[in-house]
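The values are calculated or read from the model by the stated rules, or taken from the named source; none is laboratory data. Keep in mind that what you see is a predicted model, and the values were worked out from it rather than measured. Ideal geometry is used to build each Cβ from the backbone, glycine not excepted, and the neighbour counts take in all protein chains shown.
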Amino acid sequence: MDRTRRSGIVGGLFLILLGAVLLVGQLVPGLWGWVNEWSWPLIVVAVGVFLLILGIVTAASAMVVPASTVSGIGLLLWWQNATGNWASWAYAWTLIPGFAGIGTFLMGLWTGEGRHMREGAWTVLTSLILFAIFASFLGGPAVLGQYWPALLILLGLMSLGQYFLRARKS
């Protein structure tokens, strides 16, 4: 069975399962009592897990990237909802490219392509540096205190280093 047919079957089965669960929830009102104000972001995480399962079933390694991105956003929302620290969006958005980088790294592990692993690792590192920079001056955890501009220098050095490494290979 080819990938297109498998993804159609998995998607159809998912919709049937989701519809059945929601229909039971409509018919049994007390069923959703466990869903409260702190657990709703876990639905976003579940969508990410579904994307991962879809990628595994259809042998589409690239599905790891959106799966990790959606799951990471769901976990970030869960943390913000649990702590009430919604103002952290001012700097927490910088983690989203890192979630995609984790997916790219995992895709490289899955396919055995070192290029994807390197790209994913650089993306995660860049995302963490940007997180530290934005958090330092937007009210988040100030890891380096007043020395956060040193991270900009590090980011610039990384960028130049990548440029010169690519230029040397070509």
| message | Taking the criterion of being more than 30 Å from Leu160 (Cα to Cα) and touching a Leu at 6+ places or on another chain (Cβ under 8 Å), would at least one residue in segment 84-98 satisfy it? | response | no
| query | What about Val24, is it in contact with a helix residue (DSSP H, G or I) (Cβ under 6 Å, 6 or more places away or on another chain), assigned to a helix (DSSP H, G or I) and either modelled with pLDDT of 90 or more or farther than 30 Å from Gly108 by Cβ (or both)? | reply | no
| Of the residues Ser71, Ser159, which is surrounded by 14 or more Cβ atoms within 10 Å (Cβ to Cβ), among the small types (Gly, Ala, Ser) and either in a helix (DSSP H, G or I) or in contact with a strand residue (DSSP E or B) (Cβ under 8 Å, 6 or more places away or on another chain) (or both)? | Ser71
| request: Evaluate segment 94-115: report whether one residue or more is farther than 22 Å from Phe134 by Cβ, of a type in the set (Gly, Ala, Ser) and surrounded by fewer than 20 Cβ atoms within 10 Å (Cβ to Cβ). | output: yes
| note | Scanning segment 134-154 residue by residue, those surrounded by 16 or more Cβ atoms within 10 Å (Cβ to Cβ) and in contact (Cβ under 8 Å) with a residue 24 or more places away in the chain turn out to be Phe134, Ala135, Gly140
| message | Where the second residue is of a type in the set (A, V, I, L, M) and crowded, with 16+ Cβ neighbours inside 10 Å and the first is over 26 Å from Gln80 (Cα atoms) and lies in segment 91-113, which pairs have Cβ atoms under 7 Å and are six or more apart or on separate chains? | response | Met107/Val64; Met107/Val65; Gly108/Met117; Leu109/Met117; Trp110/Val64
| task | Consider Trp110 carefully, then state whether it is at pLDDT 90 or above, of a type outside the set (A, V, I, L, M) and either out of contact with any helix residue (DSSP H, G or I) (no Cβ under 7 Å at 6 or more places or on another chain) or not in a helix (DSSP H, G or I) (or both). | result | no
| request: For Val44, state whether it is assigned by TED's automatic domain parsing to the domain that holds Ala132, of a type outside the set (S, T, N, Q) and assigned to a helix (DSSP H, G or I). | output: yes
| query | Residues in segment 1-21 that are modelled with pLDDT under 70 and either in contact with a Pro (Cβ under 7 Å, 6 or more places away or on another chain) or surrounded by 11 or more Cβ atoms within 10 Å (Cβ to Cβ) (or both): how many? | reply | 3
